[in-house]
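Peer 1: One structure is given below, represented as structure tokens, and several questions about it will come after.
The values are calculated or read from the model by the stated rules, or taken from the named source; none is laboratory data. Here the structure is a predicted model, which is why all the values come from computation and not from measurement. Positions of Cβ are generated from backbone atoms using ideal geometry, with glycine treated the same way; all protein chains shown enter the neighbour counts. The accessibility values were calculated without ligands, DNA or RNA, using every heavy atom of the protein model including side chains. Shrake-Rupley method; radii C 1.70, N 1.55, O 1.52, S 1.80 Å.
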Amino acid sequence: MKIFDSLLQQLVPILVDVLLKLLFAVLVYFIGSKLIKIILKIWQKSKAFAKIDNDAAQFLTSCINISLRILLIATVVIILGIPTSSIIAALGSAGLAIGLALQGGLSNFAGGVILLVTKPFQTGDYICVGSESGTVTSIDIFYTNLTTPDNCSIVIPNGVITNSPIINKSKFDTRRIDLMFSVEYESDIEKVKCVLLNVADKNEFVLKGENKPFATVSAYEDSAIKLLLRVWCKRDSYWDASYSLQEQVKKAFDENSITIPFPQVEITEKKK
């Protein structure tokens, strides 16, 4: 019993000390998390935040958030009494493995900085990166977020974006539309061109003046002549112009007895 009492007397102070440190660490983490949110709100309402563009603001916000989180975790570790020298030694011995593990993250961070500096696109632009495309919703510290026209979210690492061709379809105010139409070989080409140009002239989304509509023969195929209709429109009216033109051209062809051919195969049977 004396041994048990002696052991209990030694363990009680240690357990009390550990519990106090643990409670204090939890309290610090809770308060620290709240302070980080307050600091971020103050930053987002500051004049400096308002002066920089939206993409840079989002990127810096991510950097501040991550930096403060790391500082908070380091503070909690110190409060818990975990020897920092042991942690540093362990990290040093595993430096190569950690460096390889963080290689992708560092590449993405560097990519985010490059995107912030070079600005090949900004929030709200419609871009194509590799096989993916969508409207840029945010440029974070490691990833860029896109939203597709059918309302799906795409998250692309910044390192991938900086190492891939980027097509920014929102860079300029106007865009060109090239539409191809097929007609029979017996068709009057000049009449078809006039019909195409007349449809383009009447379309509300097509720009006139300097960038006037243009129509010409594009190619000769096996069973049809292909004609190109080239028009310009405002960036935001691209799909409206494209879809409405195709519908209006079909109606105009029907009204002018212009036939759109389809592939045909003739089979000749030899009599024995």
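Peer 1: Could you look through segment 117-145, keep only residues that are within 30 Å of W239 (Cβ to Cβ) and aliphatic (A, V, I, L, M), and pick out the one that is modelled with the lowest pLDDT?
Peer 2: So the residue we want is I139.
Peer 1: Pick from segment 184-218 the residues that are surrounded by 12 or more Cβ atoms within 10 Å (Cβ to Cβ) and acidic (D, E): which of them is farthest from the chain's Cα centre (by Cα)?
Peer 2: D188
Peer 1: List pairs: first residue in segment 231-254 and farther than 18 Å from P149 by Cβ, second residue open to solvent by 30 Å² or more (accessible area, probe 1.4 Å) and part of a helix (DSSP H, G or I) anywhere in the structure, Cβ distance under 6 angstrom, at least six positions apart or on different chains.
Peer 2: Cβ pairs passing all conditions: W232/N211.
Peer 1: Of the residues in segment 233-257, how many are of a type outside the set (A, V, I, L, M, F, W, C), out of contact with any strand residue (DSSP E or B) (no Cβ under 6 Å at 6 or more places or on another chain) and open to solvent by less than 40 Å² (accessible area, probe 1.4 Å)?
Peer 2: 2
Peer 1: Here is a further query. Restricting segment 108-137 to residues that are in contact with a strand residue (DSSP E or B) (Cβ under 8 Å, 6 or more places away or on another chain) and part of a helix (DSSP H, G or I), which is surrounded by the fewest Cβ atoms within 10 Å (Cβ to Cβ)?
Peer 2: Filtering first and then ranking leaves L116.
Peer 1: Can you name the condition, by its number, that F181 falls short on among (1) open to solvent by 50 Å² or more (accessible area, probe 1.4 Å); (2) under 30 Å from K208 (Cα atoms)?
Peer 2: All conditions are met except number (1).
Peer 1: Six or more apart or on different chains, Cβ atoms under 9 Å: show the pairs whose first residue is in segment 133-150 and more than 13 Å from N54 (Cα to Cα) and small (G, A, S) and whose second is open to solvent by less than 20 Å² (accessible area, probe 1.4 Å) and assigned to a strand (DSSP E or B).
Peer 2: Filtered contacts from segment 133-150: S133/I127; S133/L146; G134/I127; G134/L146.
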